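Enquirer: Let me give you the structure first, and then I'll get to my questions.
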């Protein structure tokens with residue numbers, strides 16, 4: 001275990017253990033927290049890992065408590081890692097004023113604007129620092145990674161995965177924010193974190209990234225969207241994914257399902273099976 | 001749907017729906033809340049039902065969010081009902097002062113002492129009023145019921161189930177408070193709710209009830225206990241169940257597991273399968 005890691009809590013779970021850690025992040029210049037689930041198969045060796053990025057207002061605890069993914073991870077022999085959704089307590093003024101900006105609302109970008117640019121570097125943190133730390137500290141195979149997320153975290157999973165395709169065997173999302181450069185939550189956050197040059201926003205926009213990569217080989221992607229999601233029309237625009245991804249993207253619609261973790265729990269088993277297949281454990 | 005029921009929220013979940021309701025309770029002389037999961041099988045008819053009683057500080061939301069039981073309920077075709085752990089906002093002075101007394105801490109008794117006796121009638125509410133309301137309002141078979149619970153709610157499930165054996169096909173508990181008349185949480189609560197005559201406490205004490213029913217036929221019971229549970233020695237005394245129940249009681253020990261919902265989630269599938277078998281759906 002890396003000396004840098006401070007354990008906050010630990011629980012036996014489905015024959016393995018779920019734990020929560022804090023560490024000093026170089027990317028974010030301050031403490032960051034994450035949860036990890038290590039399945040029983042880690043007793044005999046390293047296992048593939050699925051990272052999960054949560055949505056607005058969530059923390060590193062939410063996914064492990066609400067999604068019910070550990071059961072499937074224990075069946076397939078997959079580790080799960082869920083980082084917090086932003087740095088916290090950075091001292092930035094008004095960091096906690098808005099629920100859709102600052103604490104709990106990083107949008108998984110590397111901020112370029114003051115006063116955010118020193119701490120809000122979640123793209124680098126998720127894509128590079130955290131996987132390196134996890135692979136160095138736990139019985140996890142850093143060459144066998146997948147990425148999943150929900151809402152703002154679905155946006156994070158798809159954009160990070162598309163920009164670092166060599167790092168991830170497969171990507172998936174529940175109700176992702178698909179085009180944040182063109183929808184209100186994203187425009188508010190990108191304007192503050194990235195500044196007014198909208199050309200730079202496209203690096204963090206799934207629809208724009210998919211269009212720019214039309215001729216490239218992409219990691220397999222699974223996206224689930226509830227037809228009863230109240231954020232679909234204004235913020236998510238999941239329908240804009242239709243026809244994109246050149247066959248690598250599977251988009252499924254689920255009538256009546258909303259934006260909640262009851263939706264995620266209902267289909268997380270399919271996502272775990274999807275990632276297990278591409279991570280080579282089936 | 002009974003006019004008395006006010007819906008608070010509703011979500012699609014594993015092909016069925018999970019919902020939360022408030023209603024005016026006659027037993028508790030005030031509003032009470034519960035959650036219900038109706039599996040997809042309710043489209044074609046009435047289904048058996050498993051009631052779940054949660055522990056100290058929990059609400060009617062906790063079990064549906066944290067236990068991951070809906071997946072199994074959908075597989076077996078079982079409804080789930082989780083009431084709140086006490087009346088709330090009754091106006092009783094200091095009702096919310098202690099985490100182990102009053103709000104969130106009913107101990108599922110019918111209080112006899114002032115100022116609690118008018119509202120804190122959870123035994124009657126859980127055993128009689130709520131099942132009648134549920135059977136009248138939802139596609140649930142009121143003659144095909146099981147009862148499960150955790151900690152204080154494990155105590156509730158076993159004591160209510162033992163005293164109303166004809167109402168339940170099977171009983172189960174996670175880390176139950178087994179002998180509250182002889183352990184600190186229970187003694188504090190019983191002294192306040194039931195008064196100082198300890199003979200009356202035995203009606204709400206699983207160990208005492210099992211000993212008093214040694215020669216009777218009992219409903220099948222499954223109890224799971226974590227070996228790493230920090231409340232085991234002082235408050236739960238699950239080891240005192242060893243040898244009781246005349247063969248009807250199965251007690252399982254799980255090394256390393258604690259008192260959390262990560263423990264419940266790990267074994268709730270076994271409990272659902274146990275109840276499904278005794279409810280006749282397998």
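The values are calculated or read from the model by the stated rules, or taken from the named source; none is laboratory data. Every value quoted in this text rests on a predicted model; they were computed, and no experiment measured them. As a convention, Cβ positions derive from the backbone with ideal geometry for all residues, glycine included, and neighbour counts pool all protein chains shown.
Enquirer: Of all residues being within 13 Å of residue A:151 (Cβ to Cβ) and more than 14 Å from every other protein chain (Cβ to nearest Cβ) in the stretch A:198-230, which is surrounded by the most Cβ atoms within 10 Å (Cβ to Cβ)? Just the residue, please. Show your work before the answer.
Expert: Residues of the stretch A:198-230 that are within 13 Å of residue A:151 (Cβ to Cβ), as a first pass: A:206, A:223-226, A:229-230.
Filter once more, keeping what is more than 14 Å from every other protein chain (Cβ to nearest Cβ): A:206, A:223.
Values: A:206: 32, A:223: 24.
Ranking the candidates gives A:206 first.
Enquirer: Okay, moving on. Residue check: is residue B:112 surrounded by fewer than 21 Cβ atoms within 10 Å (Cβ to Cβ) and out of contact with any strand residue (DSSP E or B) (no Cβ under 8 Å at 6 or more places or on another chain)?
Expert: Details: surrounded by fewer than 21 Cβ atoms within 10 Å (Cβ to Cβ): yes; out of contact with any strand residue (DSSP E or B) (no Cβ under 8 Å at 6 or more places or on another chain): yes.
Here the answer is yes, as residue B:112 does meet what is asked.
Enquirer: Kindly indicate whether any position in the stretch B:243-251 is in a helix (DSSP H, G or I) and away from every other protein chain (no Cβ under 14 Å).
Expert: no
Enquirer: Write out, first by first residue and then by second, each pair whose Cβ atoms fall under 7 Å of each other, whose residues are 6+ apart or on separate chains, and whose first residue, in the stretch B:253-272, is at positive phi while the second is surrounded by fewer than 19 Cβ atoms within 10 Å (Cβ to Cβ).
Expert: What qualifies is B:256/B:227; B:256/B:228.
Enquirer: What tally of residues in the stretch A:127-147 results from selecting those that are under 25 Å from residue A:107 (Cβ atoms) and in a helix (DSSP H, G or I)?
Expert: Adding up the residues that qualify gives 8.
Enquirer: Determine the pairs where a residue that is under 15 Å from residue B:82 (Cβ atoms), located within the stretch B:22-33, has a partner that is at pLDDT below 95 and loosely packed, with under 15 Cβ neighbours inside 10 Å with Cβ atoms under 7 Å apart, the partner being 6 or more residues away or on another chain.
Expert: That search, which allows pairs on different chains as well, returns B:23/B:4.
Enquirer: In the set B:33, B:20, which member is within 14 Å of chain A (Cβ to nearest Cβ), under 18 Å from the mean Cα position of the chain (by Cα) and surrounded by 19 or more Cβ atoms within 10 Å (Cβ to Cβ)? Give the derivation first.
Expert: Numbers: B:33 fails: within 14 Å of chain A (Cβ to nearest Cβ).
Criteria check complete, one pass: B:20.
Enquirer: Let me ask something else about it. Which members of the stretch A:115-126 meet the condition of being in a helix (DSSP H, G or I) and surrounded by fewer than 24 Cβ atoms within 10 Å (Cβ to Cβ)? Let's see the steps before the verdict.
Expert: First pass over the stretch A:115-126, keeping only residues in a helix (DSSP H, G or I): A:122-126.
Hits for the stretch A:115-126 are A:123, A:124.
Enquirer: Any chance the stretch A:268-279 includes a residue that's over 28 Å from residue B:40 (Cβ atoms) and either touching a strand residue (DSSP E or B) at 6+ places or on another chain (Cβ under 6 Å) or at pLDDT below 95 (or both)?
Expert: So in the stretch A:268-279, the residues over 28 Å from residue B:40 (Cβ atoms) come out as A:278-279.
Add one more test, that the residue is either touching a strand residue (DSSP E or B) at 6+ places or on another chain (Cβ under 6 Å) or at pLDDT below 95 (or both), and what stays is A:278-279.
The answer is yes, given that some residue of the stretch A:268-279 is over 28 Å from residue B:40 (Cβ atoms) and either touching a strand residue (DSSP E or B) at 6+ places or on another chain (Cβ under 6 Å) or at pLDDT below 95 (or both).
Enquirer: Among what's in the stretch A:1-17 and is free of Cβ contacts under 8 Å to residues at least 12 places away in the same chain and either in contact with a strand residue (DSSP E or B) (Cβ under 7 Å, 6 or more places away or on another chain) or within 14 Å of chain B (Cβ to nearest Cβ) (or both), pick the residue that is nearest to residue B:266 (Cα to Cα).
Expert: Taking the stretch A:1-17 first, the residues free of Cβ contacts under 8 Å to residues at least 12 places away in the same chain are A:3, A:9-12.
In the following step, the residues that additionally are either in contact with a strand residue (DSSP E or B) (Cβ under 7 Å, 6 or more places away or on another chain) or within 14 Å of chain B (Cβ to nearest Cβ) (or both) were identified as A:9-12.
Values: A:9: 17, A:10: 14, A:11: 11, A:12: 9 Å.
Among them, the one singled out is A:12.
Enquirer: Would you confirm whether or not the stretch B:39-47 contains a residue that is without any contact (Cβ under 8 Å) to a residue 12 or more places away in the chain and out of contact with any strand residue (DSSP E or B) (no Cβ under 8 Å at 6 or more places or on another chain)?
Expert: Of the stretch B:39-47, the ones without any contact (Cβ under 8 Å) to a residue 12 or more places away in the chain are B:43-44.
Now drop any that are not out of contact with any strand residue (DSSP E or B) (no Cβ under 8 Å at 6 or more places or on another chain), which leaves B:43-44.
The answer is yes; a qualifying residue exists.
Enquirer: Suppose we filter the stretch B:164-199 for residues that are more than 21 Å from residue B:213 (Cβ to Cβ) and touching a residue at least 60 places away in the same chain (Cβ under 8 Å); how many remain?
Expert: As a first pass, look at the stretch B:164-199 and keep what is more than 21 Å from residue B:213 (Cβ to Cβ): B:174-175, B:184-185, B:187-189, B:191-193, B:195-197.
Right, trim to touching a residue at least 60 places away in the same chain (Cβ under 8 Å) and you get B:174-175, B:185, B:188-189, B:192-193, B:195.
Counting residues in the stretch B:164-199 that are more than 21 Å from residue B:213 (Cβ to Cβ) and touching a residue at least 60 places away in the same chain (Cβ under 8 Å) gives 8.
Enquirer: Scan the stretch B:87-100 and tell me whether some residue there is more than 14 Å from chain A (Cβ to nearest Cβ), under 30 Å from residue B:277 (Cβ atoms) and either without any contact (Cβ under 8 Å) to a residue 24 or more places away in the chain or touching a strand residue (DSSP E or B) at 6+ places or on another chain (Cβ under 7 Å) (or both). Talk me through it step by step, then tell me what you get.
Expert: Just the residues of the stretch B:87-100 that are more than 14 Å from chain A (Cβ to nearest Cβ), to begin with: B:87-100.
Next, only the ones that are under 30 Å from residue B:277 (Cβ atoms) stay: none.
Scanning the stretch B:87-100 turns up no residue that is more than 14 Å from chain A (Cβ to nearest Cβ), under 30 Å from residue B:277 (Cβ atoms) and either without any contact (Cβ under 8 Å) to a residue 24 or more places away in the chain or touching a strand residue (DSSP E or B) at 6+ places or on another chain (Cβ under 7 Å) (or both).
Enquirer: Let me ask something else about it. Within the stretch B:83-93, can one find any residue that is touching a helix residue (DSSP H, G or I) at 6+ places or on another chain (Cβ under 9 Å) and surrounded by fewer than 24 Cβ atoms within 10 Å (Cβ to Cβ)?
Expert: no
Enquirer: Name the pairs: first residue in the stretch A:64-77 and more than 7 Å from chain B (Cβ to nearest Cβ), second residue modelled with pLDDT under 95, Cβ to Cβ under 8 Å, at least 6 apart or on different chains?
Expert: Here the result reads A:76/A:281; A:76/A:282; A:77/A:281, each pair linking the stretch A:64-77 to a residue that is modelled with pLDDT under 95.
Enquirer: Further question on the same structure: Can you spot a residue in the stretch A:170-188 that is touching a helix residue (DSSP H, G or I) at 6+ places or on another chain (Cβ under 9 Å) and within 14 Å of another protein chain (Cβ to nearest Cβ)? Full working, then the answer.
Expert: Here is the first cut: in the stretch A:170-188, the ones touching a helix residue (DSSP H, G or I) at 6+ places or on another chain (Cβ under 9 Å) are A:170-187.
Still in the running and within 14 Å of another protein chain (Cβ to nearest Cβ): A:174-175.
The answer is yes, given that some residue of the stretch A:170-188 is touching a helix residue (DSSP H, G or I) at 6+ places or on another chain (Cβ under 9 Å) and within 14 Å of another protein chain (Cβ to nearest Cβ).
Enquirer: Same structure again: Give the residues of the stretch A:45-57 that are closer than 26 Å to residue A:185 by Cα and either surrounded by 24 or more Cβ atoms within 10 Å (Cβ to Cβ) or within 12 Å of chain B (Cβ to nearest Cβ) (or both), sorted by residue number.
Expert: First pass over the stretch A:45-57, keeping only residues closer than 26 Å to residue A:185 by Cα: A:51-57.
Correct list: A:51, A:52, A:53, A:54, A:55.
Enquirer: Return the total of residues in the stretch A:252-282 being facing chain B (nearest Cβ under 8 Å) and in a helix (DSSP H, G or I).
Expert: So the count comes out to 6.
Okay, residues lined up against (1) more than 22 Å from residue B:76 (Cα to Cα); (2) in contact (Cβ under 8 Å) with a residue 12 or more places away in the chain; (3) out of contact with any helix residue (DSSP H, G or I) (no Cβ under 8 Å at 6 or more places or on another chain):
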site: B:120; (1), (2), (3): yes, yes, no
site: B:124; (1), (2), (3): yes, yes, yes
site: B:131; (1), (2), (3): no, yes, no
site: B:137; (1), (2), (3): no, yes, yes
site: B:140; (1), (2), (3): no, yes, no
site: B:144; (1), (2), (3): no, yes, yes
site: B:162; (1), (2), (3): yes, yes, no
